[in-house]
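Reading through the structure tokens given below for one structure.
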């Protein structure tokens, strides 16, 4: 019961507090600090498999399913944008190639891996007594991951992040490799910023 309450406070109560107190500011410093804290906690846990923090070899048998699902998502997203919001399609690389290039380089490092540390490695280990290691845990991870995106002030980021969170949590559950989950997460995030949906995942959107 204590862990369930802690989960609710950390991943929902604290997020609501951030939404009202710091909405419109970049979450990157918070993510980095929390990611470091998650690593410090996990490394002190005797029952935690430290190799799961990286384990790149786990990705070898996952590439086909990762790229197939990503390709289907890219095609669907491009089609929807072309019909519904054609002005957004490839907006960032067309309008500001330098910023797009910076996002492609630093987004996986400063955003993706810290998020995977928090919402996959930490959450899976800390709250296993509450959710187990199956579909309930995947759902808890995806729900928390989707909800945290209310900080961007729009429903699109929440819905897409819940779907993405389910994919990344399933990948982590299957491989126990934060590297595999992070690569998949990075592919989807880079797709969003490239194809034209990045404005829904930008902290300035909350100000608007």
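Tabulated values for the structure
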{"quantity": "First in segment 10-30 and within 17 Å of residue 114 (Cα to Cα), second anywhere and loosely packed, with under 14 Cβ neighbours inside 10 Å and at pLDDT 95 or above, Cβ under 9 Å, 6 or more apart", "calculated": "28/106"}
{"quantity": "Helices (runs of 4 or more DSSP H) completely within segment 1-103 that count 3 or more residues being at pLDDT 95 or above and under 18 Å from the mean Cα position of the chain (by Cα)", "calculated": "14-22, 28-43, 63-84"}
{"quantity": "Residues located in segment 62-78, provided they are loosely packed, with under 13 Cβ neighbours inside 10 Å and under 18 Å from residue 157 (Cα atoms)", "calculated": "76"}
{"quantity": "Residue check, residue 81 in contact with a helix residue (DSSP H, G or I) (Cβ under 7 Å, 6 or more places away or on another chain) and surrounded by 21 or more Cβ atoms within 10 Å (Cβ to Cβ)", "calculated": "no"}
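The values are calculated or read from the model by the stated rules, or taken from the named source; none is laboratory data. This structure is a prediction, so every number in the text was calculated from the model and none was measured. So basically every Cβ, Gly included, is an ideal-geometry build from the backbone, and we count neighbours across all protein chains shown.
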